[in-house]
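Take a look at the structure set out below.
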Amino acid sequence: MHQTEQLKIVIVGHVDHGKSTLVGRLFHDTGSLPDGKYEKIKAACEKRGMPFEWAFLMDGLQAERDQNITIDTAQIWFRTAKRSYVIIDAPGHKEFLKNMVTGAASAEAALLLIDASEGVQEQSRRHGFLLSLLGIRQIAVLVNKMDLRNYSDKVFKSIEDEYRAFLKRVGVEPRLFIPVAAAKGDNVATKSSHMPWYNGPTVLDALDRFQVAEPPQNLPLRFPIQDVYRFDHRRILAGRVESGTLRVGDQILFSPRNKFSTVKSIESWPQGARQSAHAGESIGVTLTEQIFVERGQIGSNEEDAPIETDVFNAKLFWLGRQNLEVGRKIKLKLTTEEVECQIQSIEKLIDASTLAEIDTKSRPHIARNDVAEVTIRTKRPIAFDNADRIVNTGRFVLIDHYQVCGGGVISKGEYPDRRQVMSGVKSRNIFWSAGKITREARERRNRHKGAIIWLTGLSGAGKSTVASELERELFAKGLHTYMLDGDNIRHGLSANLGFSPEDRTENIRRVAEVARLLMDAGVLVITAFISPYRDDRRLARSLVNEGEFIEVFIDAPLAVCEERDSKGLYKKARAGQIANFTGVSAPYEPPVAAEIVVHTDQQTPSECVAQIIDFLNQRYIDQQDWVI
């Protein structure tokens, strides 16, 4: 007996084909119901003057009882002598097909119900196709309500032949076809006396015959980052090991930013520190070098890293009410990564019910319930695997207006590797060359530490004005300073970049790296950049130690910035002459915890500079880090 073994089963089928009834009966017949649950439901039915329904044991929501349909995915647990089960009861109603995808995506096996009196329906075929697309291969088909067809073996065989032929066309070989009458308990937990012609297992026996998938420990390491936490000056990377094994001392590559570091410690809750973690385990990791790592990146071994590109082929199932056209922007979610994407081209369209191919020239879009083979382009390169190699990093969902509207798998293919053009990439044969003069020696000579004072705000807020005045004041006090200004940088270092979100990110990355080099030389660096995205500013902060990055929010209302508009940029942006202009056609994400906030609509530049210098004095004078 494997008391710790657990198997996730999804139950799917056309609406009213008996899914919830089956689950209620299974729980009752195996003695898995809480004490008094059956009696409570039965009494409630009698009180309401309605006949008892086994489905009420599963349908916990009042709205479900009123509508007689299951409207959400529910998970319940029960145990047999062999193992424990998580049964995911997935809706069959067409309006709730996306919930079925959500449920089936995490299942290892499936029970698919077909009503003997209705036969194979359109949704039955769609569900079979979806199970195939999601890679579920352990499937038992239950022909339910056999009592309504007088337990006819001919009816059962006819349905089995028709549906088996359909599943074969989508590459699915069902393990079993079982005739059942869930409401009466026939072939659910015990053999039916009404169908002596059937010699196969009951539903319960079939469940116990399914295999629990072995954790993919022998596959390459994949550790998607769920979040990054700070505790006591430590950065802890939290996530779930999807495949492979992670050990203390391993050198890890984080894709897609392609930075390396070594695992310093592995921690789990409540066990505490440990030396290794395996597939399926959720852990926290600290690194020896505090590189910038964020949610969505995937940790791996360098020699067997995931694919990294912004263009790939996929097979997807579309569930959205609005057609999915080539070029329309939607969100793709893969493991913990979320990125904007668009369909670059449609290679093939398939009717999920008939498997007939649809002419893409006559209908160049993906309609609801279509299956399509497509090429997808993401807004930025992402890390993934072909689904036939590592399922968890090769399967994705599509989100449109905060709703799951589709899902799919990444097709096997040869993809262009973008690692050599991605930010932060470097040859493993390049090493940092340290000079004879240390940073500490420079700071002693300068009589102050190096740091980065990062000014951010809308165009016209006054960043350059405050930055240049601040530099003048600090220089007059004998400090070694240098100002990096947005326009100046784009004359040279970033002359090849535009103003798309990707180019803005790369511009800030370059600026941050230059600022770090200047700071290493003992210089007090002042930067004046719109830097509209919090993640980009967070990346810049992560390059240096705690306390060496001082974020200054130059806060001014948009209306005030537009009134100033000395360069006429807002006017051009409002006229549509400048694309991706921050505050007009592109977002600005204000800091949530800046060290300093100045209001240039209320303060003069001199007052702003005085406030910044006061902060520096108050923060560092006791440590004698500054001489101001």
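The values are calculated or read from the model by the stated rules, or taken from the named source; none is laboratory data. For clarity, every value in this text was computed on a predicted model and none was experimentally measured. Note that we place each Cβ from the backbone using ideal geometry, even for glycine, and neighbour counts take in every protein chain shown.
Data table
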read-out	value
When residues of the range 483-509 are limited to those that are closer than 30 Å to E473 by Cβ and of a type in the set (D, E), the one surrounded by the fewest Cβ atoms within 10 Å (Cβ to Cβ)	D487
Condition met for A277 (in the same structural domain as A383 (by TED's automatic domain parsing) and either more than 16 Å from the chain's Cα centre (by Cα) or at pLDDT below 90 (or both))	no
Every residue from the range 110-122 that is of a type outside the set (D, E, K, R), surrounded by fewer than 22 Cβ atoms within 10 Å (Cβ to Cβ) and either in the same structural domain as V391 (by TED's automatic domain parsing) or touching a residue at least 60 places away in the same chain (Cβ under 8 Å) (or both)	Q121
Sole residue being outside the structural domain of E122 (by TED's automatic domain parsing), among the hydroxyl-bearing types (S, T, Y) and at pLDDT 85 or above, chosen from T336, T354	T336
Index of the failed condition, L398 passing every other in (1) over 26 Å from S243 (Cβ atoms); (2) touching a Gly at 6+ places or on another chain (Cβ under 9 Å); (3) not charged (D, E, K, R)	(1)
The range 480-499 residues that are of a type in the set (F, W, Y), paired with ones that are surrounded by fewer than 19 Cβ atoms within 10 Å (Cβ to Cβ) and in a loop (DSSP other than H, G, I, E, B) (beta carbon under 7 Å, 6 or more apart)	F499/N580
Residue that is farthest from the chain's Cα centre (by Cα), among those in the range 144-196 that are of a type in the set (D, E) and either under 16 Å from D115 (Cα atoms) or not assigned by TED's automatic domain parsing to the domain that holds L130 (or both)	D153
Evaluation of R234 against (1) loosely packed, with under 15 Cβ neighbours inside 10 Å; (2) within 24 Å of V404 (Cα to Cα); (3) charged (D, E, K, R) (one fails), failing number	(2)
Check on E294, under 17 Å from D535 (Cα atoms) and either among the acidic types (D, E) or loosely packed, with under 15 Cβ neighbours inside 10 Å (or both)	yes
Any chance R321 is within 26 Å of I410 (Cβ to Cβ), under 18 Å from the mean Cα position of the chain (by Cα), outside the structural domain of V170 (by TED's automatic domain parsing) and touching a residue at least 12 places away in the same chain (Cβ under 8 Å)	no
Residue list for the range 40-55, restricted to those being more than 13 Å from K19 (Cβ to Cβ) and at pLDDT below 65	none
Residue in the range 431-451 that is among the β-branched types (V, I, T) and surrounded by 13 or more Cβ atoms within 10 Å (Cβ to Cβ) present	no
Index of the failed condition, I550 passing every other in (1) modelled with pLDDT under 90; (2) within 35 Å of the chain's Cα centre (by Cα); (3) of a type outside the set (D, E, K, R)	(1)
